[in-house]
Structure formats: C-alpha cells, structure tokens
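Data first, discussion second: the structure below is written as structure tokens.
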Amino acid sequence: MEIEELKEELKKYITNEKRYLHSLGTMKMCKILAKKYNVDIEKAEKVGLVHDIAKEIIDEEAIKYVKENNIEITEVEKYNTKLLHGKIGADLCRKIYNFDEDMCSAIKWHTTGRANMSILEKIVFCADKIEENRKYDNVEYYRNLVLKDIDQAVLEIIDYTIKSNIEKGKLLLEKSIETRNYILINQKK
C-alpha cells in the first residue's frame, strides 16, 4: 500500500485531528532519520505514520482484543490499557497491511523501547517523541542529539520520560527500565 493510501486508511482509526497531525509529524521525522541512518525510507515512513493506529481503542475493546489475539500484557498494562496501543497496533498492521516483523516490532515498542532495539525501532521511538508538533522542555535538544547519536538520544529520552512519570506519580514501565539498563551496560563495554 502506498503512503497516500495509508494516510487515508489511518483516518478510519484516528479521528482526533491533533493525533493525526502527530502521526504525520512522526512519519516526517522517521523519513529524516531513515535518511540519516541508512534505513529503508518508505518502510520508516509507513511505520511512523501508523505507529498510533490503535491509540483510540477504548479500554474494554483493548482488553478484549489482547485476549482474543493472545497478546501477552503486563500488570502495568492491565492497569493502564492505553499502553496496549503499541502491541495492538503491531498486531493490526501485521494482519491488515502485511507489515514485516521489524516494522511491527517498531510499532510494538515505540512507547517503551526494548533491549537490543533495531535501528528502525530506535528511529520510530525517537521520532514519536520529537516530531515537529511536540512541545516540551528540551525537545530541541533531543532533535539535535538524535542526528548525532541515536543511542544516546534513546537513553536520554527514556531518562526524561522516567523522571516525568515519577514527578506525575505514574507507574514506570518495565520495558523502559530494561531498555535504559541495556544501553548503559553496552556503553560500558
């Protein structure tokens, strides 16, 4: 499916205009980063575009979907079902759009990251957090950092997210901590 067709298709799933613009911004940033890191540009754009395809699924439907499709979820995801959108989105894109495993994995882990991420996973993870519509302290710093050192950008974005979640009294995601630790251990090697 071509990008323009995928944009129209996404509108069936994303009705919130701000979220749709975020998807377009993520796609645009994925293209920039794919060029920088020699990744298939079209593949990166498609994943960036649809990474939040399941974001608007309501809590009850999310729980039903993961049960019916045998998707493993954590205790934290049971408590905050909005976190399931990556796993559900990956499953949908595999089944509906025939995305390959790396594309689906990039969608699945775009919120938390994971240990030993592929370059496409890193691109989508960072693009989601720094696309042009994002406005938060240090976003410009991360936009510049990702063009110099994507691993350091992943690490520092995770650190920022963890600190922010602690300040807001939110639960921490195990995968984010696992990702952070993996990067730190490998930096020391």
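Key figures for this structure:
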{"quantity": "Qualifying positions in segment 68-81 - part of a helix (DSSP H, G or I) and surrounded by 14 or more Cβ atoms within 10 Å (Cβ to Cβ)", "calculated": "V76, E77, T81"}
{"quantity": "Residues satisfying the stated conditions in segment 134-189, i.e. polar (S, T, N, Q) and touching a Leu at 6+ places or on another chain (Cβ under 7 Å)", "calculated": "Q152, N165"}
{"quantity": "Output for segment 41-62, where each listed residue is outside any helix (DSSP H, G or I) and under 17 Å from the mean Cα position of the chain (by Cα)", "calculated": "H51, D52, I53, A54, K55, E56, I57"}
{"quantity": "Segment 1-59, residues that are of a type in the set (D, E), closer than 24 Å to I119 by Cβ and either modelled with pLDDT of 95 or more or touching a strand residue (DSSP E or B) at 6+ places or on another chain (Cβ under 7 Å) (or both)", "calculated": "D40, E42, E45, D52"}
{"quantity": "Among the residues listed as Y136, Y182, Y160, Y141, the single one being farther than 29 Å from E17 by Cβ and either among the aromatic types (F, W, Y) or at pLDDT 95 or above (or both)", "calculated": "Y182"}
{"quantity": "Filter result (of a type outside the set (A, V, I, L, M) and either within 9 Å of R114 (Cα to Cα) or in a helix (DSSP H, G or I) (or both)) within segment 174-189", "calculated": "E174, K175, S176, E178, T179, R180, N181, Y182, N186, Q187, K188"}
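The values are calculated or read from the model by the stated rules, or taken from the named source; none is laboratory data. Remember, it's a predicted structure, so these values are computed and weren't measured experimentally. FYI the Cβ positions are ideal-geometry reconstructions off the backbone, even for glycines, and counts take in every protein chain you see.
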